[in-house]
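Novice: After the structure tokens below, expect a handful of questions from me.
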Amino acid sequence: MAGPGWGPPRLDGFILTERLGSGTYATVYKAYAKKDTREVVAIKCVAKKSLNKASVENLLTEIEILKGIRHPHIVQLKDFQWDSDNIYLIMEFCAGGDLSRFIHTRRILPEKVARVFMQHALQFLHERSISHLDLKPQNILLSSLEKPHLKLADFGFAQHMSPWDEKHVLRGSPLYMAPEMVCQRQYDARVDLWSVGVILYEALFGQPPFASRSFTELEEKIRSNRVIELPLRPPLSRDCRDLLQRLLERDPSRRISFEDFFAHPWVDLEHMPSGESLARATALVVQAVKKDQDGDAAAALSLYCQALDFFVPALHYEVDAQRKEAIKAKVGQYVSRAEELKVIVSSSNQALLRQGTSARDLLREMARDKPRLLAALEVASAATAKEEEAGGEQDALGLYQHGLGELLVLLAAEPPGRRRELLHTEVQNLMARAEYLKEQVKMRESRWAAETLDKEGLSESVRSSCTLQ
Ligand code: ADP
Ligand code: MG
């Protein structure tokens, strides 16, 4: 028996030690190979009686298939054994524990960390277009705490289980199960997207959306058709909120599709660590250097920052220590050049800002009889004021966008004349401001990522960004 009260079971060739955890169907132990290497592994003991009757055979076939899979974000299945009561899966040991523990010891994760985790976790599903059907933080493991790479566990099992059986329900899985799974008991691959939404929600807010004190309360929340509301704190980016809302759509036909999910700006698959990251970063640097030589500081700065967005994942991807160091040294140089360019760009920006303000004063004089225009100009001035505050970029951007919306409507109705010309200039100025700010916000994020990488070495950036919070 593999029950917790019974101590570790015996198994040929291995010494089983501490219990690492237990999930819905199994108990997992840390173990050492008796032979030469004394390799550390994790052994998962699945009681045969917890499987559907017809499933044992299928499961064994599935295990054979899983044994053939090697992927950086899948827990590797090395081998398996069985006896009359249990099936034993001998797996790669993940020293970092599971995502559930990772989240809860940190309370919440910053968006950037959550994003890297999502990209890791979904890479495999995306590449092979297969479903997991039981995604939850307990089934997502971390390779180590120093270099936390995510690995999906419990693969290929869900098909063999009845997810709504008593065991599953009692162990709290419905927290991550799509409503159609519980209510209709019929579902397809789209349930994974719901689960991803719940995991993301929990990573960012500290608890899943249906967190409940009792099973009755939980069931009510699952069966209700209320829209899932997102807490206001911590404040999240607009893209992140949008994605959460579209993942946590109860009706699977209205839920975000896989295609749209992978194309969503927050998921940002383009910047996911891959073999191409370095080439893309380098190509952007080449362009940046060219613009820099041409004296176009703003364009060069923007290109350097775009390049950094690929260097960060490129470093993530690189496993060779020497090559990693070489990339880091290069990145250091680009960051310094970007800093210099930033000084140049921001002083010319100050001049533009002053010009814009005096043009606006003139327009205001000519708008005395137009309260709506005056109000829109007020918004623009408020945006400019915010822009000069430290850290006010995001708010300023919102105000500019709001002001622009109003002014564009007014411009359309404005008869030809001097005021129309000024209005037109104002709209163009505001658009330029908004663009500039967008770039600034992006650049700050890139710099942040680069700094993290400088201090800690990139493979640790995930961890360090957690402690930065
Ligand atoms: P179940 O099928 O019962 O849900 P899991 O495979 O999810 O079993 O494992 C249960 C728990 O055991 C996980 O949540 C995790 O904490 C721990 N665990 C599982 N596999 C490993 C592993 N390879 N390395 C380290 N811990 C593991
Ligand atoms: Mg599990």
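The values are calculated or read from the model by the stated rules, or taken from the named source; none is laboratory data. Every value quoted in this text rests on a predicted model; they were computed, and no experiment measured them. As a convention, Cβ positions derive from the backbone with ideal geometry for all residues, glycine included, and neighbour counts pool all protein chains shown. These area figures cover heavy atoms from the full protein model, side chains too; ligands, DNA and RNA do not enter into them. Shrake-Rupley method; radii C 1.70, N 1.55, O 1.52, S 1.80 Å.
Novice: Put +1 on the Cβ of every Lys and Arg and -1 on every Asp and Glu Cβ in the chain; which of 327, 253, 186 then has its Cα farthest towards the positive end of the dipole?
Specialist: Most positive-ward Cα: 186.
Novice: At a probe radius of 1.4 Å, what is the per-residue accessible area of residue 221, in Å² to the nearest 10?
Specialist: 50 Å²
Novice: Using each residue's phi in the range 145-154, evaluate 6.51 cos²θ - 1.76 cosθ + 1.60 at θ = phi - 60° and report the 3J(HN,Hα) Karplus result to the nearest Hz, with x for Gly and Pro.
Specialist: Once rounded to whole Hz, the list reads 7, 6, 10, x, 9, 7, 9, 7, 10, 6.
Novice: Convert each backbone phi in the range 256-266 into a coupling constant with the Karplus relation 6.51 cos²θ - 1.76 cosθ + 1.60 (shift: θ = phi - 60°), then list the ³J(HN,Hα) values in order as whole Hz, x for Gly and Pro.
Specialist: For the range 256-266, the Karplus-derived couplings read 4, 7, 4, 4, 5, 4, 5, 8, 5, x, 6 Hz, x marking Gly and Pro.
Novice: At a 1.4 Å probe, what is the % contribution of carbon and sulfur to the accessible area of the range 224-311?
Specialist: 52 percent
Novice: Sticking with the crude label model, points 7 Å out along Cα→Cβ, report the distance from residue 385 to residue 432 in nm, one decimal please.
Specialist: Modelled inter-label distance: 2.4 nm.
Novice: In addition: Per the Debye formula with a single identical scatterer at each Cα and no solvent contribution, what log10 I(q)/I(0) holds for the range 252-323 at q = 0.12, 0.19, 0.24 Å⁻¹?
Specialist: After summing over all Cα pairs, the log10 values are -0.45, -0.80, -0.98.
Novice: Would you pull out the residues with amide H under 5 Å of residue 78's amide H, same chain only if 5 or more places away, H placed 1.01 Å from N?
Specialist: Here 90, 91, 92 satisfy the definition.
Novice: Give the accessible surface of the chain per residue, rounded to a whole number of Å², with probe radius 1.4 Å and ligands, DNA and RNA excluded.
Specialist: On a per-residue basis, the chain sits at 50 Å².
Novice: Largest first, what is the accessible-area ranking of 88, 25 with a 1.4 Å probe?
Specialist: These residues rank, largest area first, as 25, 88.
Novice: Now a separate question. Residue by residue through the range 203-210, what is 3J(HN,Hα) from phi via Karplus (6.51 cos²θ - 1.76 cosθ + 1.60, θ = phi - 60°)? Round to whole Hz and write x for glycine and proline.
Specialist: Once rounded to whole Hz, the list reads 4, 8, 10, x, 8, x, x, 9.
Novice: Leaving out ligands, DNA and RNA, and with a 1.4 Å probe, what % of the accessible surface on the range 348-429 is carbon or sulfur?
Specialist: 56 percent
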